[in-house]
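What follows is a single structure, written as structure tokens, with notes after it.
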Amino acid sequence: MELIDPFGRKINYLRLSVTDRCSMRCIYCMPPGGVPLLSHNDILSYEELHTIARAAVAVGIEKIRVTGGEPLVRKGIVPFLAGLAAIPGLRQLVLTTNGLLLESMAESLRQAGVQRLNISLDSLRPETFAAITRGADLHRVMAGIAAAERAGFPLKINMVVMRGINDGEFLDFAAMTLDRPLTVRFIEYMPAIRARNWEALIVPGETILERIGRRFNFTPLARDRATGPARTFRIDGAAGNIGVITPVSGHFCGECNRIRVTASGRARGCLFADTGMDLRPVLAGRSEAGLMEALRTIVAGKPGRHSLAAEDQHHAPFAMSAIGG
């Protein structure tokens, strides 16, 4: 079975958030004062999340990425992930984390059936990292990355690039791929929280590649639709690869293959769509067929593109942690 949206895109990827809580307060993710947190009763139970996942796979989802907030802060996450990994027909189970708790959990995640990790890492300089995250410890994240490598995880390192903050570290991040089989992805800053003068923070993907190209020769790799919107490259002789994700300077919506469900049970066809569908009434009816139909409806209403350009933004500000990034 396949999910095809009105624009002919095959939708086979679900981003499933399990919590809105996070152990960091990144400046591009939430405002300085933080955000109101959902109550315990407003968060879907693991049973409900598992039901959504089963229904999603039944209608054509092949890849699930578990997100937060920070998914590792939720108690019982490892058994939940093991349950997802056992869903018949699910081809990929991956997880996004900020890495703070990873050192002690990497081996358990691997044994639970998680196949790959995406780790957010926006600076290799302790002071800059602390400023971006509002106080987090870079050394803990690096220890977590090392533990994940020892556990045998394929790793993607995601760097959100911000002009004047961490855009002097491109070469350091690219060099991480020289002798380690990592994928390092440079992501254009996105105006989720609609900070003042957000346009000044954006470093276009082409500028990122041009700066890296002054130091390293690299060649493009074949596009794999399953890997999402990144354009990937390999530095000559490198063990890993680099990539750029350009939501602002270069629309990739024509290749979008995802839907998302928040920890409170709201399904969206686009990160920057203000509308969505509350799945809780369907879950209350205990009808997996009804849930499957709801997910088909989300896909049928998926927009053709987002509206991130400065001249056509219409979305309300939101914290990435509340939606699953």
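The values are calculated or read from the model by the stated rules, or taken from the named source; none is laboratory data. Every value quoted in this text rests on a predicted model; they were computed, and no experiment measured them. Cβ atoms come from the backbone with ideal geometry, glycine included; neighbour counts cover every protein chain shown. With ligands, DNA and RNA removed, areas are computed over all heavy atoms of the protein, side chains included. Shrake-Rupley method; radii C 1.70, N 1.55, O 1.52, S 1.80 Å.
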Exercise. In square angstrom, what is the accessible area per residue of segment 1-65 with a 1.4 angstrom probe?
Worked result: 44
For this session: Give the cross-link partners of Lys10 among the lysines, using a straight C-alpha distance below 18 Å as the criterion and excluding same-chain residues fewer than 8 apart.
Result: Lys63, Lys302
For this session: Could you quote the convex hull projected area for the chain, Cα atoms only and averaged over all directions, in nm²?
Result: 15.5
Problem set entry | Most to least packed among 1-8, 209-216 [average Cβ atoms within 10 Å] | 209-216, 1-8
For this session: Starting with the highest mean, order 129-142, 257-270 by the number of other Cβ atoms within 10 Å, averaged over the residues of each peptide.
Result: 257-270, 129-142
Problem set entry | Contour minus Cα-Cα distance for Ser287 and Arg214 (0.36 nm per residue) | 20.6 nm
Problem set entry | Helical mean residue ellipticity (222 nm; -39500 (n - 2.57) per DSSP H run of 4+; nearest 500) of the chain | -8000 deg cm²/dmol
Problem set entry | Spin-label model distance (nm) - Ala300 vs Gln92, 7 Å beyond Cα toward Cβ | 2.8
Exercise. Farthest toward the dipole's positive end in segment 21-64, which of Leu44, Ile27, Gly60, given Cβ charges of +1 (Lys, Arg) and -1 (Asp, Glu) about the Cα centre?
Worked result: Ile27
Exercise. Taking every DSSP beta bridge that has both residues in the chain, what percent is antiparallel when rounded to the nearest 5?
Worked result: 25
Seminar exercise, completed: Taking alpha-carbon centroids only, segment 126-167 lies from segment 43-109 a number of Å equal to 21
For this session: Quickly work out the Thr275-to-Ser104 label distance, labels modelled 7 Å from Cα along the C-beta direction, and quote it in nm with one decimal.
Result: 4.5
Seminar exercise, completed: FRET efficiency for Glu47 and Arg150 from the Cβ-Cβ distance with R0 = 25 Å, rounded to 0.05, comes out at 0.15
Problem set entry | Protection-proxy order for peptides 24-37, 170-183, each taking the mean of Cβ atoms within 10 Å per residue, highest first | 170-183, 24-37
